[in-house]
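Q: Sharing a structure with you now.
The values are calculated or read from the model by the stated rules, or taken from the named source; none is laboratory data. Predicted, not measured: the structure shown is a model, and the values here were computed from it. Cβ placement follows ideal geometry from the backbone for every residue including glycine, while neighbour counts extend to all protein chains displayed. SASA here: full protein model, heavy atoms, side chains in, ligands and nucleic acids out. Shrake-Rupley method; radii C 1.70, N 1.55, O 1.52, S 1.80 Å.
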Amino acid sequence: MIVRSTLPSLSMPLLCVALAGCGDAVATTDTLDPSSSTSSTTAEPTTEVTPTTSTTTGDETTDSGGMSASESTTTTTSTTTTGPDTDTAVSATETTSTSTTDATSTSTTTSTSTSTTDTSTSTTDSTSTTTGGVEVPETCLSADFPVKAPLCGDGGPACTTLRDEVVSANMMFRNDMPAIALDGDCEPVVLYSEAVNGYHGFYGERLGPGMWVATPTPMVVATGSLASDPDDDAVFAMVDDGAFGTSLWRRFDGQWTQEGALVGMNHVRAHQLALDGVGALHVGHVDSDFAVQHEVFDGAWSKEQMVTDGEIHVRLALDAADAPRLTSWATVDATWKLHYFAPPGVAEVVAPLGSNVIERQHHDLALVGAEATPWVLLARKQADQVHHDIVLAHRTGPATWALETLASENSQADKTCDEPPPQAGVTCDFDYQTYYPLALAAGQDEVRALYVAIRREGTLVSACEQNPLPFCYWNTQVEDCSSELRVAWPGSQPGEHQVAAVDVFTDRAAARLDTAGQIHLAFYDDPAGIGLDPLVRYVMIGGE
């Protein structure tokens with residue numbers, strides 16, 4: 001008997017339900033109408049219904065999306081508010097070599113970094129080599145950041161897929177999303193899990209083009225977060241065991257050692273762990289009561305609470321002075337609002353969701369420029385409570401945020417089959433598109449927003465039963481899915497967004513930026529869009 005391991009608090013990626021029934025992907029391109037910029041102020045909605053998430057045990061409830069034949073206008077809005085042990089049991093390994101694209105393939109590797117490099121006196125930028133027309137960074141050490149190389153898009157090189165590889169080809173039930181980090185040589189490592197007959201963690205390392213080796217972790221991993229210490233050639237992992245237990249581990253020379261554990265009952269997700277300049281680890285997460293916490297580990301734990309009634313997907317970033325910045329959805333006045341925290345300051349509202357039901361809670365946070373301006377990528381609901389906008393926000397002053405709509409689902413262009421069929425044998429054609437925010441990538445003074453547009457088109461046919469009263473329902477006769485992973489930037493119009501990858505079927509991703517300005521993404525992906533069991537996929541995006 002196979003048992004899928006889930007908890008009410010562990011959310012499967014939306015693809016597992018929303019993509020069910022998709023057939024072979026087909027390449028399609030939307031025609032986008034020109035958009036104009038307008039300015040407005042949006043009042044925060046309220047409702048008497050208690051806010052809820054759409055998550056259920058193991059899965060997230062889907063919503064109807066819209067095919068976008070013309071994107072909406074850009075809108076700017078301002079909102080104002082107030083005893084360690086060691087376990088080396090890593091006997092089994094999994095190796096995959098299923099690369100579909102790798103523009104950096106070469107028979108030789110040029111690298112001058114070592115794990116003993118002293119970066120405290122470094123005064124020069126990192127160097128890189130060019131292999132096969134793609135810039136390959138030599139080091140991703142602490143002194144190499146922030147990234148000074150130009151990012152693709154916005155007048156820079158065109159965005160394209162440089163690598164597209166499978167970390168694990170096992171089609172397995174999983175929770176949330178994998179975590180990713182870059183080692184000192186700018187190679188990715190990925191922490192992921194399988195949730196069948198218990199929670200099982202795996203640590204994947206890239207050996208070369210299309211070659212990954214994965215070893216099981218000694219600790220139980222339902223979800224987790226990674227932070228690299230490239231100067232010491234080590235990686236830290238904060239893991240959630242699926243039963244409110246959260247522990248901190250260090251991996252060095254192929255061995256895992258437990259460093260500590262959070263006190264009490266807590267949840268941890270990807271992108272909730274960061275290493276500061278003096279070696280302390282920062283964790284942004286929620287406890288079992290969904291209070292948002294910021295905790296610091298420097299041999300002992302210290303904790304401060306940000307807000308109550310939060311949502312699991314807290315985001316954390318550190319500025320140049322190692323000051324923490326956090327974001328989280330939380331319920332206020334019976335509706336969801338995205339909050340920003342700069343401890344010990346008071347919480348600020350970035351944007352209201354526009355609903356008391358949250359379905360696309362994944363968002364991302366990045367700090368940009370000498371002033372460490374916070375930028376946030378999110379999805380929020382349109383007035384019809386069904387369709388969503390992809391929104392990019394940045395802080396312009398105390399408790400003041402500017403919002404711009406990057407892309408909007410288009411209810412007017414939807415072809416859906418929402419009404420129940422009147423009788424058996426009726427057919428209905430559908431064609432619509434949904435958008436999901438994936439990740440932010442921030443260089444020294446610029447930021448890129450990544451989102452995915454998934455299109456579904458096909459035909460339904462009705463059937464009827466007597467049980468005990470007659471009722472009719474739709475069955476899928478044929479369905480095709482396609483998708484585009486798009487790159488946007490501040491001030492960009494939808495028609496300017498660049499398609500960096502295709503056939504990406506996920507609703508969230510973890511991202512890291514290397515010193516050549518290339519974006520590394522890890523996510524759970526169902527390539528056929530037909531079920532609940534995604535594989536683990538890695539994509540590198542940049543300019544050729």
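Q: I'd like to compare 321-332, 173-184: which one has the highest average count of other Cβ atoms within 10 Å, and what's the full order after that?
A: Values: 321-332: 20.6, 173-184: 25.3.
Result, highest mean first: 173-184, 321-332.
Q: At 1.4 Å probe size, with no ligands or nucleic acids counted, give the accessible surface of Lys148 in Å², nearest ten.
A: About 90 Å², ignoring ligands and nucleic acids.
Q: With a 1.4 Å probe and all protein chains in place, put Glu544, Glu465, Glu404, Glu457 in order of accessible area, largest first.
A: On the way: Glu544 135, Glu465 80, Glu404 25, Glu457 50 Å².
Largest accessible area first, the list is Glu544, Glu465, Glu457, Glu404.
Q: Still on this model: Can you compute log10 of I(q)/I(0) for region 353-440 with the Debye formula, treating each Cα as one identical point scatterer, at q = 0.22, 0.24 Å⁻¹?
A: -1.10, -1.21
Q: Projected onto the charge dipole of region 382-486 (+1 at Lys/Arg Cβ, -1 at Asp/Glu Cβ, origin at the Cα centre), which of Ser408, Leu438, Tyr473 gives the Cα projection farthest towards the positive end?
A: Leu438
Q: Give me the accessible area of Asp333, 1.4 Å probe, in Å² rounded to the nearest 10.
A: Asp333 exposes around 100 Å² with every protein chain in place.
Q: What are the lysines whose alpha-carbon lies under 22 Å from the alpha-carbon of Lys337, with same-chain residues fewer than 8 places away excluded?
A: Leaving aside lysines fewer than 8 places away in the same chain, those within reach of Lys337 are Lys381.
Q: Could you please report the charge total around Tyr524, scoring K, R as +1 and D, E as -1 over all other residues with beta-carbon less than 10 angstrom from its beta-carbon? Each step should come with its number before you reach the end.
A: On the way: positive: Arg174, Arg508, Arg537; negative: Asp176, Asp507, Asp525, Asp526, Asp533.
Neighbourhood net charge equals -2.
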